[in-house]
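Okay, so here's the structure we're looking at.
The values are calculated or read from the model by the stated rules, or taken from the named source; none is laboratory data. What you see is a predicted model; the values in this text were computed from it and never measured. No Cβ is skipped: glycine too gets one built from the backbone with ideal geometry, and neighbour counts run over all protein chains shown. Areas reflect the complete protein model, heavy atoms only, side chains present, ligands, DNA and RNA absent. Shrake-Rupley method; radii C 1.70, N 1.55, O 1.52, S 1.80 Å.
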Amino acid sequence: MSPARGGEPASKRPRPQTPAELTDQVTGLPGLKTWPRVYAVIVVSFLIWVALLYLLGKVFP
Amino acid sequence: MSLLDFIVLFSSILGIAVYGTWRTRHRDNLKAYLKGDERQGWATIGLSVMATQASAITFMSTPGQGYEDGLGFVQFYFGVPLALVIIAAVFLPMYRRFNVYTAYEFLGRRFDGKTRLLGAGLFLLQRGLAAGITIYAPAIILSRMLNWPLNLTIVLAGVVAIVYTTAGGSQAVSLTQKYQMGVIFAGMGIALIILLIKLPATLPQALTVAGAFNKLHAVDFSTDLRQRYTLWSGLLGGLFLQLSYFGTDQSQVQRYLTGSSLRESRLGLMFNALCKIPMQFTILLLGVLVFVFYQFEPQPVVFNQTAWHAALQHDASGRMQKLDQQFRVLHAQKEHWLNAWLQAKREGDPAAARNARAQAEAINQESEAVRASATDALKTVSPLTAGKDSDYVFITFVLEQLPHGIIGLLIAAFFGAALSSKAAELNALASTTTIDFYQHLLKTEATGAHYVAASKWFTIFWGLVALAFALFASFADNLIQAINIIGSLFYGVVLGLFLVAFFLRRVGGTAVFWAALVAQVVVLGFHFFGNVSYLWYNLIGCAVCVVLSLCLQALLGFEPLPASPPAETSVPAGKAGSAE
């Protein structure tokens, strides 16, 4: 962050990604190797829950 | 409560607290004290994030909400999954890359010192106000169960959290939360099983009764802005609330900053994204089933029986006695017609079923009116009666219907939930005060051990502030809504600050600072003079902050895009290197 932008001065230059950070990009989950896939599963499960909750009110009116 | 209940209660609560304090002793390293040495795995983080949000209010007040209003409150959590996805994808990598201790430290790196202080200040104000209410909730339990003065129980409930949070810092919080969640899951699970066993009807019959009284209408597609909980207010307004709460509230940010890696922190958040709605649904369903249970079992006209019996002594007109009698008669009639309805359904007699159901519904309306009159009568005789009656529904069921030993476990679950969220709040308040105010403004050059000591003193300070505020929280209506209204007053604006920080790289500190102040005034204006659901405050505050910051920056002239990604921050000054 440059001082000209008004940000507080930083004491280090940007550093390259470490091996740990590179491995962070892998989820380690079976069948869901990338984070976008994990996020997609979350969204789909949410939609399923909304549908089930809606149906609950319809089945027992 | 029996001796067995007290043994289960105090051994679990104090045992967890003592163990957590002992395991995390000798935390003189600032990084260890505030970030738990960044060694936590995803499961600990996931449970910690869950425990921080799910306070005693969740487990006491939410079943009561289910009892009164049904499942509709689940919509409040519809914004959680998407919010956590956004945080995992955008916020978390930034925080880790900048190696921040607090979320507001990031604002200082991105903008300037005054914006950092504004963000931190709004957090301290909002969380400081809420902290008192989250101490108050478990104090009600003790007060009712032991017949102790409420103020005494408030002080006792707060002291345990203050002690182990001060002693062990962030790691003590994470460690104790893991075991507290275990107690909570065990207690609530057993309560649900026993309730299902005790229900004088099968589960489908119970759901049929619940549906007849409109308790199962979980998803509301209404676009009326005055409706508190709808699909849209939960998804849109709730998204902004949850984004701000999980992404910018230090009490949550601090939990996932303890992760050993970005991957572990992300998985911890995804655990919550997957489990939050099912968990809240289950708690609300518990309340709905308690409602069904009390349609077939004797139910008090007012669940706060301690206050009711005390007020009866001063009921000179006899009005309360009459209302009680009237309610018993109506309840017996309703039970008769409900049984007739279920019998007619079993026998396949639709006409009789329709008639019996209509009778039951009509009597239910009458009995609800009597309950409302009884609550009014109670407040007339005893104006200082604490909270809303629905807050006492589940604890009444627990104390009167569950076996001894399990009662102690449930009470321990309530306390565990209170202590877990209280500890995280105190830890966050102390961290923000230490890093964003004390170290940043007052004492910029000191050792890590000095800042650890300062953090401990600030933990005690905020604990005492929360206690003091709790002593005046008796007048808060339904507790869980009070907490969320307070949050919504400030969260939208804070979220606006962070969204500008992340996505509008050409907007600077001056524009966003003044935009945030104006946005805060607008939100307060809506609260005191407007007529919209509080969930929309988050969207309003955030939108005004973002749009106005763009407009102001346009007047000032947009800043050039930085040539390289923002540099990392250093750890706080004070020789807090690896040796600490």
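Quick rundown of the values:
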read-out: Leading residue by the ranking (modelled with the lowest pLDDT) among those in the range B:370-418 that are in a loop (DSSP other than H, G, I, E, B) and under 26 Å from the mean Cα position of the chain (by Cα); value: B:Ala386
read-out: Residue pairs meeting the criteria (Cβ under 7 Å; at least 6 apart or on separate chains; first over 27 Å from B:Ile13 (Cα atoms) and in contact (Cβ under 8 Å) with a residue 40 or more places away in the chain, in the range B:50-76; second of a type in the set (D, E, K, R) and buried (at least 24 other Cβ atoms within 10 Å of the Cβ)); value: B:Gly70/B:Lys215; B:Leu71/B:Lys215
read-out: Unique match (being touching a residue at least 24 places away in the same chain (Cβ under 8 Å), open to solvent by 10 Å² or more (accessible area, probe 1.4 Å) and farther than 20 Å from B:Leu429 by Cβ) among B:Phe6, B:Phe91; value: B:Phe6
read-out: Residues of the range B:113-146 classified as modelled with pLDDT under 75 and open to solvent by 20 Å² or more (accessible area, probe 1.4 Å), total; value: 3
read-out: Matching entry among B:Gln295, B:Gln325 (being away from chain A (no Cβ under 14 Å) and surrounded by 15 or more Cβ atoms within 10 Å (Cβ to Cβ)); value: B:Gln295
read-out: Answer from B:Tyr245, B:Tyr229 - the residue that is open to solvent by 10 Å² or more (accessible area, probe 1.4 Å), under 16 Å from B:Gln126 (Cα atoms) and out of contact with any strand residue (DSSP E or B) (no Cβ under 8 Å at 6 or more places or on another chain); value: B:Tyr245
read-out: Unmet requirement for B:Val209, which otherwise passes all of (1) under 27 Å from B:Ala362 (Cβ atoms); (2) open to solvent by less than 10 Å² (accessible area, probe 1.4 Å); (3) under 27 Å from the mean Cα position of the chain (by Cα); value: (3)
read-out: Single match in B:Asp220, B:Asp249 (criterion: under 24 Å from B:Ala56 (Cα atoms) and among the acidic types (Asp, Glu)); value: B:Asp249
read-out: Contacts under 9 angstrom Cβ, first residue in the range B:528-553 being more than 14 Å from B:Arg506 (Cα to Cα) and of a type in the set (A, V, I, L, M, F, W, C), partner part of a loop (DSSP other than H, G, I, E, B) and open to solvent by 50 Å² or more (accessible area, probe 1.4 Å), 6 or more apart; value: B:Val532/B:Leu225; B:Val532/B:Arg226; B:Leu535/B:Arg228; B:Trp536/B:Leu225
read-out: Hits in the range B:527-542 (condition: in a helix (DSSP H, G or I) and either touching a strand residue (DSSP E or B) at 6+ places or on another chain (Cβ under 7 Å) or surrounded by fewer than 18 Cβ atoms within 10 Å (Cβ to Cβ) (or both)); value: B:His527, B:Phe528, B:Phe529
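Residues are listed down the side, and each one gets a yes or a no for (1) in contact with a His (Cβ under 9 Å, 6 or more places away or on another chain); (2) under 30 Å from B:Val173 (Cβ atoms); (3) touching a residue at least 12 places away in the same chain (Cβ under 8 Å):
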site	(1), (2), (3)
B:Arg255	no, yes, yes
B:Met270	no, yes, yes
B:Leu274	no, yes, yes
B:Pro278	no, yes, no
B:Leu284	no, yes, yes
B:Phe296	no, no, yes
B:Ala310	no, no, yes
